[in-house]
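Q: To start, I am sharing the structure in question, which I have written as structure tokens.
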Amino acid sequence: MSQKNNCEFCQIIGKKINAKRIFEDEKALAILSPHPCCAGHILLMPKEHFSIIEQVPDYLIAHLSKITNKISIAVFEALQAKGTNILIQNGITAGQKTNHFMIHIIPRKENDGLDFQWQPKQLNQEQMSTIELNLKEATKGIGDFEKEEKKPVRLDKKIEKIDKEENYLIKQLNRIP
């Protein structure tokens, strides 16, 4: 059985498993989390199966980011949230529980009991410099983004020829001196 057929979220996308759908377009689906950390916890995912963010094409990440922004605005308005956490758990070590890439949009309110705080680590200058050099080297190629392939537009309707005598707008134009 393929990853896609075995993936709970691909089955939700394919409507084989029910979910509370919040938003949907041709590329993405947003649902209420089946295992929420709080009321209004939303999962936004691409309809195509990708395990981690590194597999998702750049143009699709851009599309998902725009939707994330709009959903976050809706969470503020509809749920009277005072903030949102936008979270990507990328890989098992980062807490990813399912093999389908998704963005968590988590409504926040004062004293909601959720704690995403961490204790800052103290690194010496040598450690910071080594990390900086390694990351600069690894990020040299950033800027060459994948573009979505344009698909031809199919027109199914026949184009009707406009009869000059019957068209009101053309008649009006003909009256102009």
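The values are calculated or read from the model by the stated rules, or taken from the named source; none is laboratory data. The structure presented is a predicted model; accordingly, all values stated were derived computationally and were not measured. Note: ideal-geometry Cβ built from the backbone for every residue, glycine included; neighbour counts use all protein chains shown.
Q: Show the residue pairs that are 6+ apart or on different chains and have beta-carbon atoms under 8 Å apart, the first residue being within the range 93-111 and free of Cβ contacts under 8 Å to residues at least 40 places away in the same chain and on the phi > 0 side of the Ramachandran plot, the second being in a helix (DSSP H, G or I) and loosely packed, with under 15 Cβ neighbours inside 10 Å.
A: Pairs found: none.
Q: Touching a strand residue (DSSP E or B) at 6+ places or on another chain (Cβ under 9 Å) and either of a type outside the set (Phe, Trp, Tyr) or surrounded by fewer than 19 Cβ atoms within 10 Å (Cβ to Cβ) (or both): which single residue out of Asn85, Asn18, Asn90 fits that description?
A: After ruling out the rest, the residue left standing is Asn85.
Q: Let me ask something else about it. Determine which single condition Asp112 fails, assuming it passes every other condition in (1) modelled with pLDDT of 90 or more; (2) part of a loop (DSSP other than H, G, I, E, B); (3) exposed (fewer than 10 other Cβ atoms within 10 Å of the Cβ); (4) of a type in the set (D, E, K, R).
A: So Asp112 meets the others, but not (3).
Q: Lys66: over 19 Å from Cys10 (Cβ atoms), at pLDDT 95 or above and either of a type in the set (Ser, Thr, Tyr) or part of a helix (DSSP H, G or I) (or both), yes or no?
A: So Lys66 passes the test.
Q: For the range 139-151, state whether one or more residues are surrounded by 10 or more Cβ atoms within 10 Å (Cβ to Cβ) and either more than 26 Å from Ile52 (Cα to Cα) or at pLDDT 90 or above (or both).
A: no
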